[in-house]
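The values are calculated or read from the model by the stated rules, or taken from the named source; none is laboratory data. Computed from a predicted model, the values in this text were never measured in an experiment. A quick note on method: Cβ atoms are made from the backbone with ideal geometry, for glycine too, and the neighbour counts reach across all protein chains shown.
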Amino acid sequence: MQIELTEKEFRRLLDLVYIGNWILNSTRGDDRFEDYDLLQEKLFALSSGAGMPSLAQRWHGHIFPSKAYEEGGIHEAIADYEDAVFFDILAEELARRDLGLEDHEPEDYTELTARMDEYLDEFDRSGLSAIHMDLDE
């Protein structure tokens, strides 16, 4: 198989591969999906020949994204995604709790969606400071 990409497209592909591999493997410890690591290595190894040698580095015989690459803003993009997902999941879980839907799906999602929107609006205004826990319950 052969794919033709511009330098900009290849650079975007590296970002997509890195972000995807981060999501799949960053929390897995020693139980990583090695085939994704190997694909990432293969693509970053091509960065030098694509005029982007600063994006990869060799360590212990393997090719990894360089420190410069990792500090170049990619983790900010990942953090933005994680924040959005965190608040979406939290809003849904709280709304489901409020409506007694922890164990089943609603027949009509209108009420659930409206309650989630209330939580998301509050999170936009106050962040996590709006969350209070009563540990005495």
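Residue pairs whose Cβ atoms lie under 6 Å apart, separated by 6 or more positions or on different chains, with the first residue in segment 15-43 and more than 16 Å from LYS67 (Cα to Cα) and the second part of a loop (DSSP other than H, G, I, E, B) and among the charged types (D, E, K, R), are ASN25/ARG32. I need the full set of residues from segment 59-81 which are exposed (fewer than 12 other Cβ atoms within 10 Å of the Cβ) and either acidic (Asp, Glu) or over 12 Å from ASP15 (Cα atoms) (or both), in order please. Answer for segment 59-81, where residues must be exposed (fewer than 12 other Cβ atoms within 10 Å of the Cβ) and either acidic (Asp, Glu) or over 12 Å from ASP15 (Cα atoms) (or both): TRP59, HIS60, GLY61, LYS67, ALA68, GLU71, GLU76, ALA79, ASP80. Within segment 7-32, restricting attention to residues that are under 16 Å from the mean Cα position of the chain (by Cα) and aromatic (Phe, Trp, Tyr), the residue that is farthest from LEU55 (Cα to Cα) is TRP22. Filtering segment 122-134 to residues that are surrounded by 12 or more Cβ atoms within 10 Å (Cβ to Cβ) and at pLDDT 90 or above leaves GLU122, PHE123.
Tell me yes or no: at least one residue of segment 85-93 is of a type in the set (A, V, I, L, M), within 29 Å of GLU7 (Cβ to Cβ) and part of a helix (DSSP H, G or I).
The initial filter retains those residues of segment 85-93 that are of a type in the set (A, V, I, L, M), namely 85, 89-91.
After this cut, where a residue has to be within 29 Å of GLU7 (Cβ to Cβ) as well, the list is none.
No, segment 85-93 has no match at all.
Between TYR18, TYR69, TYR109, the distinction of being closer than 30 Å to MET133 by Cβ and among the aromatic types (Phe, Trp, Tyr) belongs to TYR109 only. Residue under question is ASP103, and the condition is that it be outside the structural domain of TYR18 (by TED's automatic domain parsing) and in a helix (DSSP H, G or I); does it hold? In short, no. Against the definition (buried (at least 16 other Cβ atoms within 10 Å of the Cβ), assigned to a helix (DSSP H, G or I) and in contact with a strand residue (DSSP E or B) (Cβ under 8 Å, 6 or more places away or on another chain)), how does TYR119 come out, yes or no? Answer is no for this residue.
With respect to being closer than 16 Å to ALA56 by Cα and of a type outside the set (Gly, Ala, Ser), ASN21 fits the description.
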